[in-house]
Amino acid sequence: MTTTAAQPTSTTALVTGANKGLGRETVRALAALAGLGWTVWLGARDESLGTAAAHELSADGADVRYVALDVTDDASVAAAVATISAAGGLDVLVNNAGIVESAKPIEDVDPADFLPVYGVNVLGPVRMTRAFLALLRQSAHPRIVNVSSGLGSFAATSDPDRIESQVTSLVDTSSKAALNMITTQYAKALTGVKVNVVDPGYTGTDLNGHRGTQTVEEGARAIIAAATLPLDGPTGTFTEGAGPAAW
Ligand SMILES: NC(=O)c1ccc[n+]([C@@H]2O[C@H](COP(=O)([O-])OP(=O)(O)OC[C@H]3O[C@@H](n4cnc5c(N)ncnc54)[C@H](OP(=O)(O)O)[C@@H]3O)[C@@H](O)[C@H]2O)c1
């Protein structure tokens, strides 16, 4: 995509669930754009894991800062808004934190099994968007990236050629399908804010016992692309590493 409009000279991003996995790699890759003026807040709910990751990723002059952040907790999110606001503002919010349900036969899944997963995967991005919106609106180029999954895609989960079609799950899949719709609704309503959703693809992390076939560098590609969209980039899109993803 070519850029015609002038780009801001500095950018501040926040990545949730960034002490490990795709979130950590997203922080690393965005902070490596430090020469282009990127400051990246590494959100993590565990202080010792978060500060250790931020310290490791601050090598070579990268500007990585830890912020305590549990996306299920209003007070934690409000404190993060205050910290990041006091430090100067926010341009890019990456809603990456996510969990999966414990494996059990679908007929045994109970309504209560939905609550923790929906609390992080669905209500987390809504809580974060609502809390950070005023700050994002002060940016010249505000972007929100929601990290979804091919498991939230009706197209991928019903395509026999896609690995997602081999998965049978009620909770994780439906939480990501809800996140996809939440993204397109925000994209329509939040004029001036680019809100996009991405599928990293099957990536080896703790989430799947490192069975994922991609590296985190490969998995984070779609996240980085949406986080670094130019001023004239799109909103309301669903992409994967290779380009547009099917809903
Ligand atoms: N890996 C894949 O194949 C794959 C595929 C498609 C989509 N995704 C999505 O990619 C995102 C990142 O997944 P990952 O594979 O990198 O998993 P991961 O390595 O398990 O990392 C998940 C991150 O989310 C954090 N988290 C969980 N609950 C949280 C909460 N309440 N508040 C703040 N942070 C919280 C975890 O923190 P703790 O360490 O404190 O638990 C961890 O940092 C998720 O949204 C996932 O659904 C992954």
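All of the numbers you see were taken from the coordinates with simple rules; none came from a lab. Just so you know, these numbers come straight off a predicted model, no measurement behind them. When we count neighbours, we look across all protein chains shown, and the Cβ atoms used for this are built from the backbone with ideal geometry, even at glycine.
So the values come out like this:
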item	result
Every residue from segment 186-215 that is in contact with a strand residue (DSSP E or B) (Cβ under 6 Å, 6 or more places away or on another chain), within 13 Å of the ligand (Cβ to nearest atom) and not in a loop (DSSP other than H, G, I, E, B)	VAL197, VAL198, ASP199, THR203, GLN214
Failed criterion for THR9 (all others in (1) within 16 Å of the ligand (Cβ to nearest atom); (2) over 28 Å from GLN214 (Cα atoms); (3) polar (S, T, N, Q) hold)	(1)
Tally of residues being exposed (fewer than 14 other Cβ atoms within 10 Å of the Cβ) and either in contact with a strand residue (DSSP E or B) (Cβ under 7 Å, 6 or more places away or on another chain) or without any contact (Cβ under 8 Å) to a residue 24 or more places away in the chain (or both) across segment 29-52	4
Filtered residue count, segment 90-143, keeping only those that are of a type in the set (Gly, Ala, Ser), outside any helix (DSSP H, G or I) and surrounded by 15 or more Cβ atoms within 10 Å (Cβ to Cβ)	3
Search result, residues across segment 44-74 that are in contact with a Lys or Arg (Cβ under 8 Å, 6 or more places away or on another chain) and within 7 Å of the ligand (Cβ to nearest atom)	LEU49, LEU69, ASP70, VAL71, THR72
Selection within segment 222-236 - more than 12 Å from the ligand (Cβ to nearest atom) and buried (at least 19 other Cβ atoms within 10 Å of the Cβ)	ILE224, ALA226, ALA227, THR228, LEU229, THR235
